[in-house]
Amino acid sequence: GLTKPRLSSLVLITCGGGMLLAPGHLGAPRALLAMLSTAGIVGAANALNCYMERDLDRYMARTCDRPLPTGRLEPRVALLVAFALFSVSLPVLALSANPLTALLGALAFVTYVAVYTPMKPRSPLATWAGAIPGAIPPLMGWTAVRNSVEWGGMLLFAILFCWQIPHFLAIAMFRRDEYARAGHRVLPLVASDRTVRMHALAW
């Protein structure tokens, strides 16, 4: 889908995990609003990612059935959905949680859309750049409760950041031909299998 619902559901889990592990209590209504608005920001980033990669997604089995490559949705509609989701979700997050958590959400959005996505055809380092917004949601859950960046939240960020690297490298090795057709410079296309495995093991 345009907003990648499966990915957004994982964000709900990790954000909720950060809330549960943080000392304190946000309250069920505010916690629910914070999680939903976080998912909205992620959905907006995903929709923009799909818009920016609509011509490349057709070359990969895991993305070719998305609404834009198949023509089921017009690109301008995807843009409207993305901006509508972001413009509503960010202020709701600031009100339901706090401005710090909204700032982290905006940082995740910008990193994913303006750094990770355009970096993918240029450098394998995009994998590491993309792991940053992917690891921010549990930190957001923590700051929603604590209203400060603390070691507990940073540890959750670090765990998820490190987990994503071998996870993605395994996918990239398995689907390297598809990534090559789509023009994405993933590590398995520029380094030996042994080097890729060593990176995965190290992380």
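The values are calculated or read from the model by the stated rules, or taken from the named source; none is laboratory data. Since the model is a prediction, treat every value here as computed from it, not as a measurement. So basically every Cβ, Gly included, is an ideal-geometry build from the backbone, and we count neighbours across all protein chains shown. Surface accessibility is based on the protein's heavy atoms, side chains included, excluding ligands, DNA and RNA. Shrake-Rupley method; radii C 1.70, N 1.55, O 1.52, S 1.80 Å.
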TODO: Filter the range 1-38 for residues that are in contact (Cβ under 8 Å) with a residue 40 or more places away in the chain, part of a helix (DSSP H, G or I) and open to solvent by less than 30 Å² (accessible area, probe 1.4 Å) and give the result.
DONE: Val11, Cys15, Gly16, Gly17, Gly18, Met19, Ala31, Ala34, Ser37, Thr38
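Say we look at the range 121-164 and pick out the residues that are farther than 29 Å from Leu32 by Cα and touching a Phe, Trp or Tyr at 6+ places or on another chain (Cβ under 9 Å); which of these is most open to solvent (accessible area, probe 1.4 Å)?
Here the residue is Trp128.
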TODO: Return the total of residues in the range 96-105 being surrounded by fewer than 23 Cβ atoms within 10 Å (Cβ to Cβ) and touching a residue at least 24 places away in the same chain (Cβ under 8 Å).
DONE: 3
Task: Qualifying residue in the range 68-82 (condition: modelled with pLDDT of 95 or more, among the aliphatic types (A, V, I, L, M) and under 23 Å from Gly152 (Cα atoms)) - done: no
TODO: Take Ile171 and decide whether it is open to solvent by less than 50 Å² (accessible area, probe 1.4 Å) and over 14 Å from the mean Cα position of the chain (by Cα).
DONE: yes
Open item on the list: Residue under question is Arg54, and the condition is that it be open to solvent by 50 Å² or more (accessible area, probe 1.4 Å) and of a type in the set (Lys, Arg); does it hold?
Closed with: yes
TODO: Answer yes if at least one residue in the range 149-156 is in a helix (DSSP H, G or I) and among the charged types (D, E, K, R), and no otherwise.
DONE: no
Task: Residue that is open to solvent by less than 40 Å² (accessible area, probe 1.4 Å) and under 30 Å from Glu178 (Cα atoms), where the choices are Leu93, Leu68, Leu79 - done: Leu68
Task: All positions within the range 174-190 that are open to solvent by less than 30 Å² (accessible area, probe 1.4 Å) and out of contact with any Phe, Trp or Tyr (no Cβ under 7 Å at 6 or more places or on another chain) - done: Tyr179, His184, Leu187, Pro188
